[in-house]
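Heads up, the thing below is written out as structure tokens.
Nothing in this text is a laboratory measurement; each read-out follows from the coordinates by a stated rule. Computed from a prediction, not measured in an experiment: that's the story for all the values here. Positions of Cβ are backbone-derived with ideal geometry, glycine not excepted, and every protein chain shown enters the neighbour counts.
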Amino acid sequence: MARMKYFHAPMTCSIGLIVLLEEIGADYELITIQVSKGEQHNPEFRAINPKGKVPALVREDGSVLTEFPAIAMWLAKSVPQANLLPPGLEAEIRAMELMEFVVSTAHMRGGTLAMLPGKFSQNDAAQKDIAEHGRKIIHDALDFLAERLGDKDFFLGTFSIVDATVFYLLQWKDRAGLDIPPTLEAFQNRMKARPAVQRALAA
Ligand SMILES: N[C@@H](CCC(=O)N[C@@H](CS)C(=O)NCC(=O)O)C(=O)O
């Protein structure tokens, strides 16, 4: 069994899984892919993840796991003593529901439009409109998430894989030009007080 390798890129969703790897005290090598320089398209990285995306986790048996919610769920299930997921089917399915929403809607749809409008048009005015539309999608998602969190400290009551997922989205505040609702700002500060999150941010 070899040491795990985790491929991440600065300022991306991959920070959320560093948080989880740190929470469980995993033994892993952190490998940086500079997405801004297009390193995700290098043949060496494509051999690991043909999708050309971070995050990617090479596990101890050499097999590769991709897609944020899948990696998060695998970490939670394979290290149950870390309590990254409350027990029971209901908690598991609510975790999937919330992670899918953050990744598929807020990130992949909202975030892509808000932060990468140049992928869709070369026209400056059109890019502004596209980015604004993306921001609206994220802001609607943030309102929903704030409502879901309510007065709880964490989304499923106790700290879980969902919190690390929402955390990465909130980290795009400046990059995407977001207004974060106060409930989620307090949540973000609560997350930043966790030693594992501090280690992840310093990584
Ligand atoms: N659905 C994927 C999304 C991964 C993703 O979009 N990663 C971005 C960084 S946040 C990336 O690697 N982008 C590089 C590119 O698309 O070229 C997941 O859940 O892991």
Please list 3J(HN,Hα) in residue order for segment 189-202, calculated via the Karplus relation 6.51 cos²θ - 1.76 cosθ + 1.60 where θ = phi - 60°; whole Hz, with x for glycine and proline. 5, 4, 5, 5, 7, 6, x, 5, 5, 5, 5, 5, 5, 8
Nearest 20 debye, what's the magnitude of the dipole of segment 4-80 about its Cα centre given +1 on Lys and Arg Cβ and -1 on Asp and Glu Cβ? 320 debye
Rounded if a/c is under 1.5, else prolate if a/b is larger than b/c, else oblate: which is the chain, with a ≥ b ≥ c the root eigenvalues of its Cα gyration tensor? oblate
Run through the DSSP bridge list for the chain and note the antiparallel percent, rounded to the nearest 5. 60 percent
So how far, in whole Å, is the C-alpha centre of segment 119-174 from the one of segment 1-41? 21 Å
Return the sequence-ordered ³J(HN,Hα) values of segment 3-15 in whole Hz as given by the Karplus equation 6.51 cos²θ - 1.76 cosθ + 1.60 applied to θ = phi - 60°, using x for Gly and Pro. 5, 5, 10, 10, 9, 9, 9, x, 6, 10, 4, 5, 4
Full-stretch length increase - Met11, Lys77 - with 0.36 nm per residue and alpha-carbon distance subtracted: 21.1 nm
3J(HN,Hα) from dihedral phi, segment 26-36, Karplus parametrisation 6.51/-1.76/1.60, rounded to Hz, x for glycine, proline: 5, 9, 8, 9, 9, 10, 8, 10, 7, 4, 5
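So what is Rg over Rh here for segment 89-194, counting just Cα atoms and using Kirkwood for Rh? Write down the numbers at each step before the final one.
Values: Rg = 14.5 Å, Rh = 14.2 Å.
When Rh is taken as the Kirkwood radius, the ratio is 1.02.
Over segment 1-135, what is the mean sequence separation of C-alpha contacts under 8 Å (at least six apart), divided by residue count, expressed as relative contact order in percent? If you can, show how the numbers build up before the last one.
Values: 151 pairs, mean separation 27.1, N = 135.
20 percent.
Can you show me the helix-derived [θ] at 222 nm for the chain, built from DSSP H runs with n ≥ 4 at -39,500 (n - 2.57) apiece and divided by the number of residues, rounded to the nearest 500.
Working: 10 runs with 101 residues, N = 203.
About -14500 deg cm²/dmol.
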Dipole check, the chain, charges on Cβ (K,R +1; D,E -1), about Cα centroid: among Trp172, Met11, Ala196 the Cα furthest to the positive pole belongs to Met11
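Could you list, in their original order, any pairs among Lys53/Lys173; Lys53/Lys152; Lys51/Lys119 whose Cα atoms are separated by more than 29 Å? Write out the running numbers ahead of the final one.
Details: Lys53/Lys173 21 Å; Lys53/Lys152 33 Å; Lys51/Lys119 17 Å.
Pairs exceeding 29 Å: Lys53/Lys152.
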Relative contact order (%) - criterion: Cα under 8 Å, at least six apart; region: segment 4-80: 36 percent
